[in-house]
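The values are calculated or read from the model by the stated rules, or taken from the named source; none is laboratory data. This structure is a prediction, so every number in the text was calculated from the model and none was measured. Methodologically, a virtual Cβ is constructed for each residue, glycine included, from the backbone with ideal geometry; neighbour enumeration extends over all protein chains shown.
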Amino acid sequence: MSNPLYLLAMFGIFHLVGGVFAGRTLRAWMRGRFTIATIPMFVWGLAFGGLPLVGGMSVFLLGGAWHFFAIELGIFFGAILIPAFTPDWFIESFDWLASDVINRTLLVLGAGFVLVGMFLGGTMASSSTLFGLLFGGIFAGIGLALLIAWLVRLVRSKQG
């Protein structure tokens, strides 16, 4: 385990996808939309997000990095609980995203660039501090600009 952050990032993707899927199914059940077809979806979400916990447990706990396993648990259970218990008014406030392609694009690209910038800056900083921080900072700066443009469009659309 040379760098546990790589494993945490890899496992975290599965925790997020599976956890959100299970959380959305749990949300539907709590809203009275239980059907037999939702049971396999819930089980699939738990399995897709939960099976990497076994890998994380073996790598992180046996490697003495228990705090990374705790973060892994937080990611998985947070990805289940946040979609399951988010108020309806909050989710409905994002309905406009379904019809506006520009806003969706700005949001996804902005968040993606910020994440790529943070990842590149963090990984490259170990070999060359200045170059890694500059390279990652450029990506994160572009992402922040896109997110600010999205936020400005959001505010303007709610005002008019």
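Among the residues of the range 57-89, write down those that are over 18 Å from residue 26 (Cβ atoms) and either β-branched (Val, Ile, Thr) or touching a Leu at 6+ places or on another chain (Cβ under 7 Å) (or both).
Hits for the range 57-89 are 59, 68, 69, 71, 72.
Okay, residues lined up against (1) surrounded by 18 or more Cβ atoms within 10 Å (Cβ to Cβ); (2) farther than 23 Å from residue 115 by Cα:
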position: 5; (1), (2): no, no
position: 14; (1), (2): yes, no
position: 25; (1), (2): yes, yes
position: 33; (1), (2): no, yes
position: 37; (1), (2): no, yes
position: 55; (1), (2): no, yes
position: 70; (1), (2): no, no
position: 80; (1), (2): yes, no
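Checking the conditions here, which among 7, 73 is farther than 30 Å from residue 152 by Cα and modelled with pLDDT of 85 or more?
73
Considering only the range 47-85, state which residues are of a type in the set (Val, Ile, Thr) and touching a residue at least 40 places away in the same chain (Cβ under 8 Å).
59, 71, 75, 80, 82
Given the options 90, 131, name the one that is surrounded by fewer than 14 Cβ atoms within 10 Å (Cβ to Cβ), at negative phi, in a helix (DSSP H, G or I) and modelled with pLDDT of 75 or more.
Just one listed residue meets the conditions, 90.
State all residues of the range 131-151 that are small (Gly, Ala, Ser) and under 13 Å from residue 112 (Cα atoms); if no residue qualifies, say none.
Within the range 131-151, 136, 140, 141, 143, 145 qualify.
Looking at this structure, is residue 28 assigned by TED's automatic domain parsing to the domain that holds residue 86, assigned to a helix (DSSP H, G or I), over 18 Å from the mean Cα position of the chain (by Cα) and of a type in the set (A, V, I, L, M)?
So residue 28 passes the test.
Among the listed residues 82, 71, identify the single one that is within 15 Å of the chain's Cα centre (by Cα) and under 25 Å from residue 123 (Cβ atoms).
So the residue among 82, 71 that is within 15 Å of the chain's Cα centre (by Cα) and under 25 Å from residue 123 (Cβ atoms) is 71.
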